[in-house]
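A short worksheet on the structure shown next.
The values are calculated or read from the model by the stated rules, or taken from the named source; none is laboratory data. Remember, it's a predicted structure, so these values are computed and weren't measured experimentally. Backbone-built Cβ (ideal geometry, glycine too); neighbour counts: all protein chains shown. Heavy atoms of the whole protein, side chains included, go into the accessibility calculation; ligands, DNA and RNA do not. Shrake-Rupley method; radii C 1.70, N 1.55, O 1.52, S 1.80 Å.
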Amino acid sequence: MKMRTRTVTVTAVMIALCIIIQLFKTPSFMYSVYVVGGLINLILIIDTLYCGLVSGIIVAAVTPITSFIITGSAIIAAVPMILPCIMIGNMVIVLFAWFVRCKKLELNLLPISLVAGSFAKWGVMTLLIVKWVLPTFGKGLSAAAYQAATVTYSTTQLIAALVGTAFACVIWPIVRLGVKRSR
């Protein structure tokens with residue numbers, strides 16, 4: 001599958017935007033996990049709607065790695081199996097965004113599909129990380145770290161995905177209109 005130059009460029013720009021946003025997750029900045037996570041989810045959704053499934057999956061796979069490199073999460077360092085599970089969760093919301101791409105009722109179906117995708121992402125991450133990875137591989141974590149991880153990789157992910165969905169439902173119609181006018 002060949003990617004056009006514009007698609008490669010936009011994918012690279014989206015990854016760069018994710019890195020810039022993730023820089024605000026470092027301890028030296030005051031941030032909201034829900035805003036930063038919501039913006040990352042927004043980028044995943046917009047990238048998928050604009051560039052397609054392959055680009056969305058690339059961004060979904062790269063962002064957890066760059067986040068770990070930037071923030072140095074102690075929980076992921078202790079339980080590295082969490083990283084591929086985050087990638088899978090990101091890919092779930094990408095698939096739900098891609099599902100409505102280029103449909104005649106795209107703008108009508110987008111909110112429903114993305115809300116469903118947010119809950120699917122939450123479900124997948126809860127099952128993979130909270131119910132499997134942490135009990136199996138996270139036995140060395142302290143009780144406080146274990147509890148923080150269960151909240152971070154379940155409820156926090158749902159709220160961040162819903163925030164990203166809300167942003168996308170507002171921003172995508174504007175981007176879509178601009179893209180149609182430029183062609």
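How tilted is helix 155-182 with respect to the longest principal axis of the chain? Cα atoms for both, answer in degrees (0 to 90, nearest 10). Taking Cα atoms only, the helix is inclined about 20 degrees. The gain in end-to-end length when the V151 to V175 segment is fully stretched comes to 5.3 nm, 0.36 nm per residue minus the alpha carbon separation.
The tail of the calculated P(r) for the stretch 1-160, taken as Cα-Cα distances beyond 18 Å, holds 59 percent of the pairs. Each helix, a run of at least 4 DSSP H residues, gives -39500 (n - 2.57); summed and divided by the residues of the chain, these come to -26000 deg cm²/dmol at 222 nm. Ordered from largest to smallest accessible area (heavy atoms of protein chains, 1.4 Å probe), the residues L83, L177, L44 come out as L177, L83, L44. For the stretch 154-183, backbone nitrogen atoms closer than 19 Å to the point 7 Å from L107 Cα along Cα-to-C-beta are found at 165-183. Using Cα atoms only, what is the angle between the long axis of helix 82-100 and the major principal axis of the chain, expressed in degrees (0 to 90) to the nearest 10? Value to nearest ten degrees: 20.
Annotation: extensible slack from I69 through V54 equals 3.1 nm (criterion: 0.36 nm per residue apart, minus Cα-Cα distance).
Taking the C-alpha atoms only, the angle from helix 53-71 to the longest principal axis of the chain is near 40 degrees. Qualifying trypsin sites (Lys or Arg not before Pro) in the stretch 81-120, where qualification requires a DSSP coil assignment and no more than 13 other C-beta atoms within 10 Å, comprise K103, K104.
For the chain, a Gaussian network of Cα nodes joined below 10 Å ranks A148, A60, A120 by mean-square fluctuation, and the top entry is A148.
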